[in-house]
1. Check residue B:66 against each of (1) buried (at least 18 other Cβ atoms within 10 Å of the Cβ); (2) more than 9 Å from chain A (Cβ to nearest Cβ) and name the one condition it does not meet.
2. Specify the residue that is nearest to residue A:86 (Cα to Cα); the eligible residues are those in the range A:36-56 that are more than 8 Å from DNA strand C (Cβ to nearest atom) and not in a helix (DSSP H, G or I).
3. If a residue must be within 30 Å of residue B:94 (Cβ to Cβ) and within 9 Å of DNA strand D (Cβ to nearest atom), how many such residues does the range B:29-50 contain?
4. When the residues of the range B:51-62 are narrowed to those that are facing chain A (nearest Cβ under 9 Å) and in contact with a helix residue (DSSP H, G or I) (Cβ under 8 Å, 6 or more places away or on another chain), which ends up surrounded by the fewest Cβ atoms within 10 Å (Cβ to Cβ)?
5. Could you list all residues from the range A:38-50 that are over 21 Å from residue A:65 (Cβ atoms) and out of contact with any helix residue (DSSP H, G or I) (no Cβ under 6 Å at 6 or more places or on another chain)?
6. Which pairs do you get when a residue that is more than 19 Å from residue B:71 (Cβ to Cβ), found in the range B:16-37, comes within reach of a residue that is loosely packed, with under 12 Cβ neighbours inside 10 Å, reach meaning Cβ atoms under 7 angstrom, with the pair 6+ apart or on two chains?
7. How about the range B:1-28: which of its residues are surrounded by 12 or more Cβ atoms within 10 Å (Cβ to Cβ), within 11 Å of DNA strand D (Cβ to nearest atom) and not in a helix (DSSP H, G or I)?
DNA sequence: CTGCACCTTCCCCTAGACTGGAAGGTCAAG
DNA sequence: CTTGACCTTCCAGTCTAGGGGAAGGTGCAG
């Protein structure tokens with residue numbers, strides 16, 4: 001599969017795939033005789049994982065860690081476990097933060113839904129926030 | 001009130017206030033005879049609003065929109081309500097994704113933790129990822 | 001007078017995640 | 001043989017929300 005095809009399959013651009021390769025999220029691609037990158041299905045799987053993780057707000061560095069753990073054929077188990085534990089803690093932290101933000105926003109929104117727009121105090125700019 | 005005082009009053013830096021002015025979130029400040037910016041209480045109100053909105057996860061562009069609606073003499077309430085609804089939907093999506101991702105990573109971690117630690121000390125391949 | 005904290009503008013830097021464009025190679029179709 | 005859609009590398013720009021620091025003006029205390 002060439003880069004354009006792979007990119008289309010996961011809804012990314014060719015630029016993004018090359019960028020991920022450069023950042024180490026994708027291994028250096030195999031090349032066809034003409035120098036074109038050639039991808040297999042496992043790259044699609046990997047890109048899907050990246051897309052899902054990105055969608056969840058993980059940074060490329062964090063995703064890279066997870067992928068490298070998965071790639072590490074010979075990483076010491078304790079290190080792998082530690083990295084995953086840290087990743088979990090990080091995810092828990094992010095979830096906590098997002099849930100807190102959600103409840104803040106929900107409170108603002110509830111106020112907005114219950115309020116009389118005409119009563120909006122201009123001195124506060126918007127009384128919903 | 002000079003810029004440092006205003007910044008301290010809302011827990012921002014003078015850099016941030018000048019930046020907000022540059023980005024149109026604050027109107028061009030009045031100047032004292034010596035050229036120093038001079039702020040009134042309404043700027044504090046405005047900065048507080050910006051801070052609250054940032055706390056709700058709004059971008060400066062979104063906040064700027066709200067402020068400009070207010071500055072135009074209209075009540076931004078409907079706009080804000082829509083914005084908050086969209087923000088909520090977005091947050092719900094992010095939380096869902098993040099929780100799903102957490103369970104994926106947790107599964108990796110559980111597998112790793114279940115392995116025999118003694119067997120991990122050696123150069124054994126960590127095959128459980 | 002000097003020191004010091006404050007203020008001014010100016011421009012560059014950061015990180016994260018791309019995106020655009022230039023300059024050029026490859027290949028199947030018309 | 002040329003066109004057009006691909007692909008290559010490399011360098012540069014974008015956006016967000018500021019931060020760093022230079023070079024210089026202001027104003028009060030000692």
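A short reminder: the numbers here are calculations on the coordinates, not readings from a lab. From a predicted model like this one, the values you see are computed outputs, not experimental measurements. Methodologically, a virtual Cβ is constructed for each residue, glycine included, from the backbone with ideal geometry; neighbour enumeration extends over all protein chains shown.
1. (2)
2. Top of the filtered list is A:56.
3. Kept after step one, since they are within 30 Å of residue B:94 (Cβ to Cβ), are these residues of the range B:29-50: B:46-50.
Next cut, within 9 Å of DNA strand D (Cβ to nearest atom) only: B:50.
Total meeting the criteria: 1.
4. By that ranking, first place goes to B:55.
5. A:38, A:40, A:41
6. Hits for this filter: zero, empty list.
7. Hits for the range B:1-28 are B:2, B:12, B:13, B:23, B:25.
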